[in-house]
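Here, each number is a calculation from the coordinates, and none is a lab measurement. Note that the structure is a prediction, hence the values are computed from the model and not measured. Don't worry about glycine lacking a Cβ; one is built from the backbone with ideal geometry, like all the others, and counts go over all protein chains shown.
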Amino acid sequence: MRGPSFSLWRGLAQVSLGAALVLALAYLGQVARIAPDHSAEELPFVLLLLAGGVVALVLGGRLQHWIARFFDHAQPGSGEARRRQIYEAPATFATAVLFAGCVGFFVWLKAPWSSLGSLPAPQATQLDLMLVALIALCNLPVGLAIGALPRFWIAAQRYWQAADLHILQLNRPDLSLYKLINGAITAGAAIMTALSQIGLQFSVMQPDLAILAYTLFSLMIILACWAAPLLALASKLYFAKSEALDQIDSQIKATMTAPDTAAPLDQLLLQRSHLASINVFPPGSPTSISASAGVVALALLPALVDYVLTL
C-alpha cells in the first residue's frame, strides 16, 4: 500500500515535470520569436531533457517496489518500512533540491544565450533564465533518485553483512533481486547520461572544457553505480569462497594421505575446479564490466569527438 510520503516523492517529481513541460513550451516559443535560427536545434534538446526526467521518475518509482521486496527476504513485512526510510527521509528531498540547484547554477554561470553575443542583453538574459529554470525542473526527479541511492546502498550493505552467504547459493532470490536493482540503476544512469549528452549536441550550450569534464564525470558515476554496491557483497563472497576452497583442499590432502578412508580424489578435484571458476565480482557472472557502461561510452563518443574537433 502506498503511503503519503510515497505520494509526496512521486507527486513532487510529477509536478516538477509538469511545470517543466509548460516552461518548455514557453521557452521554445520565446526562442522561435527571439532567435528563430536556433529553434530547430533547441527542440530536440528540450525533448531529450524532458525524457531524462521521465526516465528518472519511472525508474525511481519502479525501484521502490523492488527495494521493498528485497528487504522482505530478511524479515517478511519489513520491506515497506525500509522503503520509507530510504525514500521518505528529509535528506532525500534536500539532495534533490541541492542537485537541481547546482545544475541550474552551472548553466547560469555559462549563460549560453548571453555568450552568443548576437542577441540584445535583455532578451539573452530572459532566455538564459528560462533555460536555467527548465533544466533545474527537469533535473529535480533525477535528484530525487540520486538522494535515495546512498541510503539504499548503506542499508543493503548492512543486510549482506548479516546474511548467511554460501558460495554455492548465488541463485538465491535476494541476491538475484539485488543484482536486478543494481543493473536497473546502472542502466537508468546510463540512459539519462546518454540523453543529456546527445541533447547537448543540439543545444545552444556549445561543448567546452566544462562540458567535457561533465561528460567524463558522468561516465565515472555510471561505473561507480555499477561497482560500488557490489564491493561489500563481493568481499563477503570472496571469504566464503576461500573458506570453501580451504575445506576441499583439506579433504584432497586427506585423500592423498589416506585414500581408503577419504572421498574420491577425482570428485574433490572436480568440486574444487567448479568453486574456483565461480566469480565473486560481479557475483555469479563472468562479465567484468556492465554492458550499459559500454553503451554509454558509445553515446558519449559524439560529445568527445565534437569537443576535440573544436580545439
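A cut-off under 13 angstrom between Cβ atoms defines the neighbours of Val54, and their net charge, with Lys, Arg +1 and Asp, Glu -1, is +2.
Once you have a ≥ b ≥ c as the square roots of the Cα gyration tensor eigenvalues for the range 58-108, tell me rounded if a/c is under 1.5, and otherwise prolate or oblate according to whether a/b is larger than b/c.
Working: a/c = 5.18, a/b = 2.70, b/c = 1.92.
Prolate, because a/c is 1.5 or more and a/b exceeds b/c.
Rounding to the nearest 20 debye, state how big the charge dipole of the range 1-162 is about its Cα centre with +1 on each Lys and Arg Cβ and -1 on each Asp and Glu Cβ.
So the dipole magnitude of the range 1-162 works out to roughly 680 debye.
Peptide packing for 19-27, 268-276 was compared via the average number of neighbouring C-beta atoms within 10 Å per residue; ordered from the highest value, the list is 19-27, 268-276.
Of the residues Ala35, His65, Leu49, the one whose Cα sits farthest toward the positive end of the charge dipole of the range 13-90, with +1 on the Cβ of Lys and Arg and -1 on the Cβ of Asp and Glu, is His65. Length available on full extension from Leu216 to Ser114: 0.36 nm per residue minus the Cα-Cα distance, which gives 34.1 nm. What separates the Cα centres of the range 216-260 and the range 168-201 is a distance of 23 Å.
Look at Ile248, Ile135 and count the other Cβ atoms within 10 Å of each Cβ; fewest to most, that gives Ile248, Ile135. Here the range 14-90 and the range 98-133 have alpha carbon centers that stand 22 Å from each other. In this rough spin-label picture, where each label sits 7 Å from Cα along the Cβ direction, the Ala26-Gln267 distance is 7.7 nm. A full extension of the chain between Phe105 and Ala81 corresponds to an added length of 5.1 nm, given 0.36 nm per residue minus the alpha carbon distance.
Among rounded, prolate and oblate, which fits the range 1-162 when a ≥ b ≥ c are the square roots of the eigenvalues of its C-alpha gyration tensor, a/c under 1.5 means rounded, and a/b larger than b/c means prolate?
On the way: a/c = 3.43, a/b = 2.72, b/c = 1.26.
It comes out prolate by the Cα gyration axes.
Extension gain, Ala91 to Asp246: 0.36 nm times the residue separation minus the Cα-Cα distance gives 51.3 nm.
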